[in-house]
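Right, one structure below, let's go through it.
The values are calculated or read from the model by the stated rules, or taken from the named source; none is laboratory data. Owing to the predicted nature of the structure, the values given are computational and were not obtained by experimental measurement. Quick reminder, even Gly has a Cβ in these numbers, built from the backbone with ideal geometry, and neighbours come from all protein chains shown.
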Amino acid sequence: MSLALALALISWIIVGGPASAQGTAAGALVTTEWLEKNLDQPKLRVLEVSVEPGLFERGHIPGAQNVVWHTDLVETTDRDIARPEKFQALARRLGIDRDSTIVLYGDNNNWFAAWGAWVLAQYGLVDNVKLLDGGRKKWEAEKRPLDTRTAEVAPSNFTVAAAQLGLRARLADVVAVAKGDRKAKILDIRSPDEFSGKIIAPAGFQELAIRAGHIPTSVNVPWARAVNPDGSFKSVAELKKIYAEVGVDGSQPIITTCRIGERSSHTWFLLTRLLGYEAANYDGSWTEYGNAVGVPIANLAGTVWGGK
């Protein structure tokens, strides 16, 4: 056995999964190098959660399985995450057990891979769920192998646990903060133009809200400030500094929010898994809040209804 392989196996045994790319959070992240070397681990499950149709079929990380965020991870007729029975069926199909190490990755800067990590965490899969640091973008940029074959895994006997409600914020929660009835930091990770109300949605995205602006008392740190040019997360020291500048330092609970909850999942992941802060993701986000009746909003651009 080579020294490199021996060290990798020791790391696997000690932390119950891969070592973190940054040496933090007991393996919240895995590097592209580590993953390529450990694709044959029997307890490893690699899941791609991408947005672009057909991307997985054109080529994916060898052994990866495809998870479609808008059908597998949600209820298709209700705006809700997958209910326990649906999630259990998915986990069994993917061969996931409580002792599996699950690595998620995807396109769009790992937004929906992070959404997947957030959904899995609600059903008790937290410490054994990892993100591939840099996601599909970094894997492809480094010209690592892709495969078109469908992975074959034995179904598991996974038994779902009750959802951990503390990881999810609801409309009533953010309204309570906006009105000063609850202590928490609302962290809006949309672009400055979305936050100010200059636009409702980024260019090329459907406008799903009637009004523009943000939740009162919220602070704005666009998600992209947290990553390097290759899509990997910045160091823990850099991340702590970025968020401390707006008063987000872990001293009180945090609620992350964006447009539909996917970009904010990315920030939720780094806050909870890399920095160890207490945070919940508001997946209703501006699509819900900007359409709600009788809730306060802040609009710095004077475009509450999308126009002067």
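Residue count for region 254-275 satisfying the condition of being over 15 Å from K185 (Cα atoms) and outside any helix (DSSP H, G or I): 4. Against the conditions (1) farther than 18 Å from V160 by Cβ; (2) surrounded by fewer than 22 Cβ atoms within 10 Å (Cβ to Cβ); (3) hydrophobic (A, V, I, L, M, F, W, C), V103 satisfies every one except (2). The residue of region 197-240 that is farthest from L271 (Cα to Cα), among those that are assigned to a loop (DSSP other than H, G, I, E, B) and within 18 Å of the chain's Cα centre (by Cα), is D230. Considering region 127-143, and only residues there that are in a helix (DSSP H, G or I) and over 12 Å from the mean Cα position of the chain (by Cα), the residue that is surrounded by the fewest Cβ atoms within 10 Å (Cβ to Cβ) turns out to be A141.
Sub-8 Å Cβ pairs linking a first residue in region 259-285 that is closer than 20 Å to E194 by Cβ and in contact (Cβ under 8 Å) with a residue 24 or more places away in the chain to a second residue that is in a loop (DSSP other than H, G, I, E, B) and among the acidic types (D, E), at least 6 apart or interchain, are I260/D283; G261/D283; S264/D283; S265/D283, ordered by first then second residue.
The set of residues from region 222-247 being within 22 Å of L171 (Cα to Cα) and surrounded by 20 or more Cβ atoms within 10 Å (Cβ to Cβ) comprises just one member, W223.
Name the single residue, out of those in region 67-85 being part of a loop (DSSP other than H, G, I, E, B) and hydrophobic (A, V, I, L, M, F, W, C), that is farthest from G261 (Cα to Cα).
V67
Considering only residues of region 64-98 that are of a type in the set (A, V, I, L, M) and surrounded by fewer than 17 Cβ atoms within 10 Å (Cβ to Cβ), which is nearest to Q164 (Cα to Cα)? The selected residue is A89. Filtering region 169-209 to residues that are in contact (Cβ under 8 Å) with a residue 40 or more places away in the chain and among the basic types (K, R) leaves R170, K179, K183, K185, R190, K198.
Mind checking whether some residue in region 151-170 is surrounded by 15 or more Cβ atoms within 10 Å (Cβ to Cβ), assigned to a helix (DSSP H, G or I) and either modelled with pLDDT of 95 or more or in contact with a Leu (Cβ under 7 Å, 6 or more places away or on another chain) (or both)? Yes, region 151-170 contains a residue that is surrounded by 15 or more Cβ atoms within 10 Å (Cβ to Cβ), assigned to a helix (DSSP H, G or I) and either modelled with pLDDT of 95 or more or in contact with a Leu (Cβ under 7 Å, 6 or more places away or on another chain) (or both).
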